[in-house]
Structures are given as structure tokens and as C-alpha cells.
1. For the condition within 17 Å of the chain's Cα centre (by Cα) and within 19 Å of R212 (Cα to Cα), what is the one hit in L142, L150?
2. Quickly run through the range 134-148 and pick out the residues that are assigned to a helix (DSSP H, G or I), surrounded by fewer than 20 Cβ atoms within 10 Å (Cβ to Cβ) and in contact (Cβ under 8 Å) with a residue 12 or more places away in the chain.
3. I need a count of the residues in the range 228-257 that are open to solvent by 40 Å² or more (accessible area, probe 1.4 Å), among the acidic types (D, E) and either in contact (Cβ under 8 Å) with a residue 40 or more places away in the chain or assigned to a loop (DSSP other than H, G, I, E, B) (or both).
4. Kindly provide the set of residues from the range 215-255 that are over 19 Å from I180 (Cβ atoms) and not polar (S, T, N, Q), ordered by number.
5. Answer with yes or no whether D166 is of a type in the set (D, E) and open to solvent by 60 Å² or more (accessible area, probe 1.4 Å).
6. Examine the range 174-191 for a residue that is in contact with an Asp or Glu (Cβ under 9 Å, 6 or more places away or on another chain) and part of a helix (DSSP H, G or I), and state whether such a residue exists.
7. If a residue must be under 32 Å from the mean Cα position of the chain (by Cα) and open to solvent by less than 20 Å² (accessible area, probe 1.4 Å), how many such residues does the range 97-121 contain?
8. Mind listing just one residue for me: the one in the range 149-163 that is open to solvent by 20 Å² or more (accessible area, probe 1.4 Å) and of a type outside the set (D, E, K, R) and, of those, nearest to D91 (Cα to Cα)?
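The values are calculated or read from the model by the stated rules, or taken from the named source; none is laboratory data. This is a predicted model, so every value here is computed, not measured. Cβ placement follows ideal geometry from the backbone for every residue including glycine, while neighbour counts extend to all protein chains displayed. The area values use the complete protein model at the heavy-atom level, side chains included, leaving out ligands, DNA and RNA. Shrake-Rupley method; radii C 1.70, N 1.55, O 1.52, S 1.80 Å.
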Amino acid sequence: MSSPCSYCNKTSFIRDDVSGELICSSCGGIQQFDQFDAQIGAIDGPQGTFIRVGTAGSGSLYSYKDRKLFAAQTTIEEVTYTLGLSSKSVDVRSMASTITEGEFGQGEWFRVLIGACAYVVMRREDRPLSMAEVASAVGCDLYEIGRMILRVVDFLNLRSDFPEFDIVHSLERTIKNSRIFASLDRGVIDRIRKQGVFLIQCAVKWFLSTGRRPLPLVVAVVVFVAELNGIAVEMEELAREVHAKVSTCTTRYKELLETLVKVAQVLPWGKDVTVKNIVKNAPFVIQYLERKAMLKPGVIQEKRKDLHRAAVDLEDVVAECLRHDDELEYGVDGVTSPKDLQYFLSESKANRLGVGDADRLQVSPECLSVLYKKFLDENRCAEPLRGSGNARKRRSFGFDLQQCTEWWDGKSELSKKLLLKHLLEKDIGVETMPPSFVNGQLKCKMRQERINAAKLRIKRIMHPLGAEIPGPSHSSCPERRKRKGMVVDDVDWEDLVIETLVLHQVKDEEIETGHYNTLLDLHVFNSGIV
């Protein structure tokens, strides 16, 4: 006998032909738990119709392995989507399956493995990602993702044919994906990209990327090129986008400016170029580098010298205006003295033109005004000078470098990605030493001075009567100089560590490496001598 209706307590029911539900014929209420059968008779008893252990719905069964594979596929799609590599999810899954022998996995270590596989896949296609970006996507430490990448490369035996990191692709990807350049015109972005490729390959030629992480140099080049094109870019914002340290980016930017200042010394006014005004002179420097790179080895020496004139020569401009056959045109009241030419030319050029003593020559203010106006009319990119008109003060023509776009040709091979072998064969006029090597030499020199000072202190203590008392040391090494207000001869912790190592008879060459913790563990704490 069936139980009464749960709504009206009547006992008359009918069964629906479509859904199979039991419905009260009096009130129409659907009776709940009608088809439930209790599991009785121990573990082998009958089971309910809709309740079955280990099932998810009628007729479907998911084992632990199925759930693990489903979770692994979800993780792969999530990580590749975060990195913008949804099209490479199949390759990443295949590599992860090869490494885990089709078992995949779960947990944080599997996310790190997926990130490492994504990095290796893109690196093999010469479209590398940055480890910092991958580490941020999978939520792990930079060193942890680095160790996992090494394990993947070793497991798949890829060390022999593993390509180098493509810093040019990293720069192009940074410009393409940055929100800072999203609102710019496509032509401006393409111009910034080509100039950035040119400059970053010059930086590689100058060894600015040797022994360093590439992303800070990419940020420095992008910021410099954007500033050159009149676009304000915050280094902090761009460094945050590419997951680079702001302090390191600032250091690379400073090194880039200092190197460009060295290149600018070949210009006629190179001695006046400093780090503060290098941005204004950068168009001429880049134009010189571009023409220098385009120069073929068989070109004669005369054409090679012409490359050092990368801007307007004001002396030649004024000399052309003051030629003898144009004197009446620029004269005042129909009279112009040929002596005016001597005011603008150097003494050597004046002697070649047959002009007399420069000390006795003068130029009329009216003639100078006419010449200046004529020059401004013929050179639209020149910016008129304003201010007091003291004729005895040294004055020069100013240029608005943001409006003068003719300096960039983009015809050099350095505007396109070159192999490292071909890049190093290019001659761009300036050869520099790697800053990392120079800094290492300075630090070794500083440590050698500390070693010598420690030996003198030890000798003075052990032989107080026979030891020579050294005078105040004034180190020539910039790293050794102290800040203003600090005493140079103070002994700090590094001096004490070096003194301890010297007492334990550690070689000077080992101390100069700067691995103090390793040397202390090896020679002091494990030597049995206290």
C-alpha cells in the first residue's frame, strides 16, 4: 500500500507516461522519492535507481585517471591562455605527456612543468618568452621555473640544438603587447619598432647585453626610442608590464646613454655632447651609425670620412650665403664687404679663401640679420633663436629634433633582425668593452687593494717595530671611493672577512673572486682552526 499524498493526504495516484513521475490525481502534486530504494542486505544488497556509488549521472563513470587528465587539460589551457599561446596548447600538452609518460599530474609542480614546456616550445621556434613572464603566469619563483626549464631541456636532450634567446623578438613583442602604444598610429609604431631593432642590435654589438638579463635592456631601448619620437613612456609602467626590475632598467638606460655619448664624440661638436643632451643629439648619432653600417668594405677612404658629418655644417651654410657672387644680394644699401665672410669662418678656411686678418674684420648687424632670415626660410626645421641679442655672445642655431624626421632612413640591415654572427661582423664605428667585464675588473682591483691593506695591518700587528706604517690610502678605483663625509680608511665588514681569509693563507686569486661565503666555509669553518 502506497503512502498518502504529501500535499492532500489522498491515496489516489496516476503515473505520468513521459517523465515516469507519480502524480496525485486529486491535487496534481508530484510525489518525491517515489523511485528510491533503500540499500539493504549488507554491501551486496540492491542499489537505488538514481543513487550509485562512483557515478556522475545515469550511465557515466569517471575514474581517478579520467578526472586527473581532465584537470591537467584545464590547467594547460589556462596557462597557455594567460601567456597568449592558446594556439600552442597542443604542442605543450604533447611535450608534457612525453615527459610524464602520459600520466600528467596535479598540484603546483604540474603548473610549473606546463610553464617550462611553454617556454621551451616557444624558444625552439625562435619566439622566446621571458622566464619572468612565465613565472608570473604559473605563480612560482623565477629560480624555480629556471630549474624546471633546465630539467625539461636535459630530459628531452635539447641542449645541442637549443637556440639562443632572441632579444629582437622580445623587443618587438614588448612594443606589440604594451598598452602604452595601443593608441598610436600604425606608422608611428612601425617606426618605433624599426628604430628599436636598430638600436638594440647596436647595443648587442656594444656588449651591453653580455652577461645580463635581456628584458631590462629591452625596456631601456624602448623608453629611449619612444622619447626620441616625442612619446612619454614611464619606465616603471613598462618595466611592470614585462616583469623587470625598475632599478635594473634604470641602470641599463644609463649605460645606453653613456655609450651613445661615446659614439657622439666622432661628431664635430662631440665634445659638447653629454648624458643630459644626448637625446637631442641622438638623431645625428643614429644617422652616423646607420650610414656607417651601410658602408661596404671596398669604399674609398674619402667617402668614409664623409660619414663623420651627420648634421648641418653652419660654417658651410654661411660661407655659401657669403660667396663673392652673392654679395650684392645680401648687402645693405647695395654695399657688402667681403670681410664679412671671415666672421663666420675659421682662420684656416679664411686663409684658403684669401681673406685677411680675422682680428680686424667685423660684420654688420644688418647683414647678419638678413643672412639669418634667409637661412630660416630655406631650412624649415630650424627653430628661431630668441633672447637678448648680444653680438659678442656665442650663439648657435637650434633644431626641433621631433619635427625633423628626415634623419631616419631605415635602410640599414641593422633595422632588420640579423644573426649574431653577421651582427658582430658589422662595423658601426665604435668598439666598446662589455660593461660587465669592466665592472668585474674594477671590483677585482678594489679587492686587491683591500688584500694589500689587510696584509699591511697584519704585518703591523705581528711586527710592530719592523713594519712600515702605511700612509693614508687614496684609491684610484671609483668603487673604492666612499661617500662624502665618510672616512676612506675605515675598516668595514669586507675588510675583516678578507683579513680572516689572508690569515688562513687563502690565495689572492681566490679572494679576488668575491665568493666570501664559500671561501669561509671551505678554509675557515671546515679547516679545524678557530
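1. Being within 17 Å of the chain's Cα centre (by Cα) and within 19 Å of R212 (Cα to Cα) holds for just one of L142, L150, which is L142.
2. Answer for the range 134-148, where residues must be assigned to a helix (DSSP H, G or I), surrounded by fewer than 20 Cβ atoms within 10 Å (Cβ to Cβ) and in contact (Cβ under 8 Å) with a residue 12 or more places away in the chain: S136, E144, G146.
3. The number of residues fulfilling the criteria is 3.
4. K254, E255
5. No: the conditions fail for D166.
6. Within the range 174-191 (the criterion being in contact with an Asp or Glu (Cβ under 9 Å, 6 or more places away or on another chain) and part of a helix (DSSP H, G or I)), the answer is yes, since at least one residue qualifies.
7. Residues that pass the stated criteria total 11.
8. L156
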